[in-house]
Amino acid sequence: MLDYWFDYSCPYAYIGSTRIEALAARHGEAVRWRPMLLGAVLRARTGVADLGPTLSSDKARYLLQDQRRVAAFHHVPLNPPAAHPRRTVNALRATLASGNDPAVIHRLFRAYWVEERPVEDAAEVSALFRELRPGSELNLEDWRETLRVATQEALDLGIFGAPTVVVDDELFFGQDRLFFVDAALAARKQA
């Protein structure tokens with residue numbers, strides 16, 4: 001089992017989410033999807049919930065180019081929303097309400113990073129949720145404390161950004177380090 005810590009607001013978490021299940025399956029492992037509020041993690045670690053405004057224009061432009069390059073390399077559709085970053089609290093609460101269902105997670109990532117859907121809007125998130133769970137009622141407020149506790153757990157583990165993969169208490173930050181996750185899982189099988 002490996003834990004994949006994410007927030008929908010991170011493009012690299014989105015790209016990694018399209019790859020992590022196949023990586024885990026190659027080793028006979030399962031992915032445990034772990035939503036967290038990235039803004040709260042960043043605020044706890046740096047004092048700022050959104051690092052975007054702290055970047056120089058050159059670095060911001062480079063990161064956007066890098067996201068597109070990485071997405072293209074992995075054949076992942078990417079259409080960054082003009083209104084980025086979007087608040088993802090409602091999407092994360094819906095994820096928890098689904099039991100961290102991978103189908104819901106992939107649908108919400110696609111809504112954010114491909115379709116430019118307003119995942120900050122409770123009605124929009126509820127509609128996306130009902131696409132996969134017709135007739136379901138969703139009270140996002142019921143999941144407020146669960147999301148707070150999950151985010152605190154991420155902080156307690158030492159997580160400082162998204163995505164972070166945890167294998168046997170070892171943290172691997174970033175989708176670009178999934179090859180280290182692959183090596184860790186291979187070493188576990190040989191032990």
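Bear in mind that the values in this text are calculations on the coordinates, not laboratory data. Bear in mind the structure is a predicted one, so any value in this text is a computation, not a measurement. Don't worry about glycine lacking a Cβ; one is built from the backbone with ideal geometry, like all the others, and counts go over all protein chains shown.
In segment 105-137, what count of residues is obtained for those that are among the aliphatic types (A, V, I, L, M) and touching a strand residue (DSSP E or B) at 6+ places or on another chain (Cβ under 9 Å)?
1
Residue-by-condition table, conditions (1) part of a helix (DSSP H, G or I); (2) among the aliphatic types (A, V, I, L, M); (3) more than 17 Å from PRO35 (Cα to Cα):
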| residue | (1), (2), (3) |
| --- | --- |
| ARG68 | yes, no, yes |
| ALA71 | yes, yes, yes |
| HIS75 | no, no, yes |
| PRO80 | no, no, yes |
| ALA94 | yes, yes, no |
| GLY99 | no, no, no |
| ARG107 | yes, no, no |
| ALA123 | yes, yes, yes |
| ARG130 | yes, no, yes |
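In the set ASP142, ASP121, ASP176, ASP156, only one residue is without any contact (Cβ under 8 Å) to a residue 40 or more places away in the chain and farther than 18 Å from ARG107 by Cβ; that residue is ASP156.
Quick one: how many residues across segment 24-66 are assigned to a helix (DSSP H, G or I), among the small types (Gly, Ala, Ser) and free of Cβ contacts under 8 Å to residues at least 60 places away in the same chain?
Narrowing segment 24-66 to residues assigned to a helix (DSSP H, G or I): 24-26, 38-46, 52-54, 57-66.
This time we only want the ones that are among the small types (Gly, Ala, Ser), so: 24-25, 39-40, 44, 52, 57, 60.
Filter once more, so that each one left must be free of Cβ contacts under 8 Å to residues at least 60 places away in the same chain: 25, 39, 52, 57, 60.
Summing the residues that are assigned to a helix (DSSP H, G or I), among the small types (Gly, Ala, Ser) and free of Cβ contacts under 8 Å to residues at least 60 places away in the same chain in segment 24-66 gives 5.
The residues of segment 1-23 that are assigned to a helix (DSSP H, G or I), small (Gly, Ala, Ser) and closer than 20 Å to ILE159 by Cα, listed by number, are ALA13, GLY16, SER17. Across segment 132-146, the number of residues qualifying as of a type in the set (A, V, I, L, M) and closer than 18 Å to TRP33 by Cα comes to 1.
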